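*Asks:* What follows is a single structure, and I will ask about it in a moment.
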Ligand SMILES: Cc1cc2nc3c(=O)[nH]c(=O)nc-3n(C[C@H](O)[C@H](O)[C@H](O)COP(=O)(O)OP(=O)(O)OC[C@H]3O[C@@H](n4cnc5c(N)ncnc54)[C@H](O)[C@@H]3O)c2cc1C
């Protein structure tokens, strides 16, 4: 079958653009056979390819990506490897405590695998085990984080309240009226992390980039056709998130979304003094439709907000420009002391959500496996799911793997035009309700 829609990525990802240039890519060429082909080099594919190689060191593994690893959503995100979801449902939460505990165990196992890789290979990715602060700018935001703290109490999880003066001492701005700190989240430079992970693969993994898979033929051996080469594989692992339905699986179940970030230019010494606060920090919004904000270790400020329905799967320029306008406003509201600081980069990244919040994980057909749809928090979750998928393929068993296999699967969606309109209206309403939290 032909793969109708391929990923497209611009060169506006601030995380990647502020790193030294990448080495030239190795592209697929000619005809090769491998034991395992992994399509998609985000967190899920990077973990799956590595784990396959660890468990089956004699096997050949090809990790194939349409673009450059680091310029995909894995390298474009806000860099929070989250242990506890920041959007725990307010109602009926007590009824799902066990589920929440399992989710946290999964995320922590993902963090452990990432930590192990980063430490073992000395990957320089600004790894900071500092937790996350949920920042509230309004009374409504405060009510949301109070509800969240009640849920943390039910879980027996630790947290700390941060009042307005301390929020200012951390961030330099008096925009936030209160914060809630949870300790288990790790902050990273995502493009540095995933490029480091790709460049430190075990010897039996070959990483192909700029090599979109354009067609696939299933059978006892799967044949993949890329731009200049063909790969046949005894087993195929699909880890290409929202693009996986292009390979024939779950065609009407994933909601294609894009979210957007902007990064300022480097602050000057005078601007750093005018801002004040700590050298680096990260704020998660109290309202899920509010703004994530980070001060990076290289003295830039990142703002992320806006979810857009991405019916064509890729990020569109008109959406990017609209998001940039909102980012400028969010920046100005928070940092009136930095009126001259412009946003040097604005970029988007595609994601996949499901209506019922469930992922795809496991065997999809004979010799074909998949893990995708991490519902917007794929740094830790994609990593653990990729690792567990590799373990499933080679026949390992574990409690976490059993949990993932038993998890629900995405519901079917309403037909396309209604879906797009419905989501656009829902997002517009939630953005409006977020008010100053945006
Ligand atoms: C701005 C932004 C901020 C975010 N912030 C956070 C955050 O702070 N914390 C968090 O946990 N998550 C965050 N996310 C979400 C997170 O980035 C994703 O959940 C994560 O990247 C999913 O990982 P993945 O490996 O499943 O998919 P991806 O990272 O999307 O990787 C899929 C890969 O498949 C490849 N592919 C697709 N089709 C083909 C094909 N035909 N041939 C070859 N390759 C193909 C793509 O090129 C891509 O590299 C954010 C996302 C964005 C965009």
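*Asks:* Among the residues of the stretch 420-438, write down those that are under 23 Å from the mean Cα position of the chain (by Cα) and in contact (Cβ under 8 Å) with a residue 24 or more places away in the chain.
*Replies:* Across the stretch 420-438, the qualifying residues are 420, 423, 424, 427, 430, 431, 434, 437, 438.
*Asks:* From 390, 352, 363, which residue is within 10 Å of the ligand (Cβ to nearest atom) and closer than 27 Å to residue 205 by Cβ? Write out each step before concluding.
*Replies:* On the way: 390 fails: within 10 Å of the ligand (Cβ to nearest atom); 363 fails: within 10 Å of the ligand (Cβ to nearest atom).
Of 390, 352, 363, the one residue that is within 10 Å of the ligand (Cβ to nearest atom) and closer than 27 Å to residue 205 by Cβ is 352.
*Asks:* Also, I was wondering about something else. Out of curiosity, is residue 215 within 12 Å of the ligand (Cβ to nearest atom), more than 19 Å from residue 74 (Cα to Cα) and either part of a strand (DSSP E or B) or at pLDDT 95 or above (or both)?
*Replies:* Here the answer is yes, as residue 215 does meet what is asked.
*Asks:* Being surrounded by 18 or more Cβ atoms within 10 Å (Cβ to Cβ) and either part of a helix (DSSP H, G or I) or out of contact with any helix residue (DSSP H, G or I) (no Cβ under 8 Å at 6 or more places or on another chain) (or both) is the filter here, so list the residues in the stretch 354-366 that pass it.
*Replies:* 354, 364
*Asks:* Which of the following residues is free of Cβ contacts under 8 Å to residues at least 12 places away in the same chain and more than 21 Å from residue 378 (Cα to Cα): 146, 140?
*Replies:* Being free of Cβ contacts under 8 Å to residues at least 12 places away in the same chain and more than 21 Å from residue 378 (Cα to Cα) holds for just one of 146, 140, which is 146.
*Asks:* Being crowded, with 20+ Cβ neighbours inside 10 Å and assigned to a helix (DSSP H, G or I) is the filter here, so list the residues in the stretch 325-345 that pass it.
*Replies:* Selection gives 327, 330, 331, 334.
*Asks:* Let me ask you something else. Condition first: within 15 Å of the ligand (Cβ to nearest atom) and assigned to a loop (DSSP other than H, G, I, E, B). Now tell me which residues in the stretch 254-279 satisfy that.
*Replies:* 254
*Asks:* Every residue in the stretch 236-253 that is within 9 Å of the ligand (Cβ to nearest atom) and on the phi > 0 side of the Ramachandran plot, please.
*Replies:* Of everything in the stretch 236-253, just one residue is within 9 Å of the ligand (Cβ to nearest atom) and on the phi > 0 side of the Ramachandran plot, namely 241.
*Asks:* In addition: Considering the stretch 12-28 alone, what residues qualify as being more than 18 Å from residue 125 (Cβ to Cβ), touching a residue at least 60 places away in the same chain (Cβ under 8 Å) and away from the ligand (no atom under 15 Å from the Cβ)?
*Replies:* Of everything in the stretch 12-28, nothing turns out to be more than 18 Å from residue 125 (Cβ to Cβ), touching a residue at least 60 places away in the same chain (Cβ under 8 Å) and away from the ligand (no atom under 15 Å from the Cβ).
*Asks:* Specify the residue that is farthest from residue 384 (Cα to Cα); the eligible residues are those in the stretch 12-34 that are in a loop (DSSP other than H, G, I, E, B) and in contact with a strand residue (DSSP E or B) (Cβ under 7 Å, 6 or more places away or on another chain). Don't jump to the end; show me each part of the working.
*Replies:* Taking the stretch 12-34 as the starting set, the residues that turn out to be in a loop (DSSP other than H, G, I, E, B) are 12-13, 18-29.
From what is left, the residues that are in contact with a strand residue (DSSP E or B) (Cβ under 7 Å, 6 or more places away or on another chain) are 12-13, 26-29.
Details: 12: 28, 13: 25, 26: 26, 27: 27, 28: 27, 29: 31 Å.
Out of the qualifying residues, it is 29.
*Asks:* OK, next. Identify, from the list 9, 37, the residue that is within 11 Å of the ligand (Cβ to nearest atom), assigned to a strand (DSSP E or B) and surrounded by 14 or more Cβ atoms within 10 Å (Cβ to Cβ).
*Replies:* 37
*Asks:* Determine whether the stretch 47-56 contains at least one residue that is in contact (Cβ under 8 Å) with a residue 12 or more places away in the chain, touching a strand residue (DSSP E or B) at 6+ places or on another chain (Cβ under 9 Å), within 15 Å of the ligand (Cβ to nearest atom) and part of a loop (DSSP other than H, G, I, E, B).
*Replies:* no
*Asks:* Could you please let me know if residue 206 is surrounded by 15 or more Cβ atoms within 10 Å (Cβ to Cβ), within 15 Å of the ligand (Cβ to nearest atom) and part of a strand (DSSP E or B)?
*Replies:* yes
Quick grid of which residues meet (1) in a helix (DSSP H, G or I); (2) closer than 21 Å to residue 235 by Cβ:
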| position | (1), (2) |
| --- | --- |
| 380 | yes, no |
| 384 | yes, yes |
| 388 | yes, yes |
| 402 | yes, yes |
| 408 | no, no |
| 411 | no, no |
| 422 | yes, no |
| 426 | yes, no |
| 429 | yes, no |
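*Asks:* I'd like the full set of residues that are more than 27 Å from the chain's Cα centre (by Cα) and within 18 Å of residue 287 (Cα to Cα), limited to the stretch 163-173.
*Replies:* Answer for the stretch 163-173, where residues must be more than 27 Å from the chain's Cα centre (by Cα) and within 18 Å of residue 287 (Cα to Cα): 163, 164.
*Asks:* Something else: If residue 332 passes every condition in (1) farther than 23 Å from residue 420 by Cα; (2) without any contact (Cβ under 8 Å) to a residue 40 or more places away in the chain; (3) within 11 Å of the ligand (Cβ to nearest atom) but one, which one does it miss?
*Replies:* (3)
*Asks:* If I go through the stretch 218-251 residue by residue, how many of them are touching a helix residue (DSSP H, G or I) at 6+ places or on another chain (Cβ under 8 Å), assigned to a loop (DSSP other than H, G, I, E, B) and within 27 Å of residue 422 (Cβ to Cβ)?
*Replies:* Residues in the stretch 218-251 being touching a helix residue (DSSP H, G or I) at 6+ places or on another chain (Cβ under 8 Å), assigned to a loop (DSSP other than H, G, I, E, B) and within 27 Å of residue 422 (Cβ to Cβ): 3 in total.
*Asks:* Let me ask something additional. So how many residues does the stretch 304-321 have that are within 15 Å of the ligand (Cβ to nearest atom), out of contact with any strand residue (DSSP E or B) (no Cβ under 6 Å at 6 or more places or on another chain) and over 17 Å from residue 256 (Cβ atoms)?
*Replies:* 1
*Asks:* Restricted to the stretch 376-392, and to residues that are touching a strand residue (DSSP E or B) at 6+ places or on another chain (Cβ under 7 Å) and surrounded by 20 or more Cβ atoms within 10 Å (Cβ to Cβ), which residue is nearest to residue 302 (Cα to Cα)?
*Replies:* Keep residues of the stretch 376-392 that are touching a strand residue (DSSP E or B) at 6+ places or on another chain (Cβ under 7 Å), which gives 376, 379-380, 385-386, 389, 392.
If we keep only those that are surrounded by 20 or more Cβ atoms within 10 Å (Cβ to Cβ) as well, we get 379-380, 385-386, 389, 392.
Details: 379: 18, 380: 20, 385: 28, 386: 28, 389: 33, 392: 38 Å.
So, considering only residues that are touching a strand residue (DSSP E or B) at 6+ places or on another chain (Cβ under 7 Å) and surrounded by 20 or more Cβ atoms within 10 Å (Cβ to Cβ), the one nearest to residue 302 (Cα to Cα) is 379.
*Asks:* Looking at this structure, is residue 42 touching a residue at least 12 places away in the same chain (Cβ under 8 Å), near the ligand (Cβ under 10 Å from one of its atoms), crowded, with 16+ Cβ neighbours inside 10 Å and over 25 Å from residue 234 (Cα atoms)?
*Replies:* Against the criterion (touching a residue at least 12 places away in the same chain (Cβ under 8 Å), near the ligand (Cβ under 10 Å from one of its atoms), crowded, with 16+ Cβ neighbours inside 10 Å and over 25 Å from residue 234 (Cα atoms)), residue 42 does not qualify.
The values are calculated or read from the model by the stated rules, or taken from the named source; none is laboratory data. Here the structure is a predicted model, which is why all the values come from computation and not from measurement. Cβ: placed from backbone, ideal geometry, glycine included. Neighbour counts: every protein chain shown.
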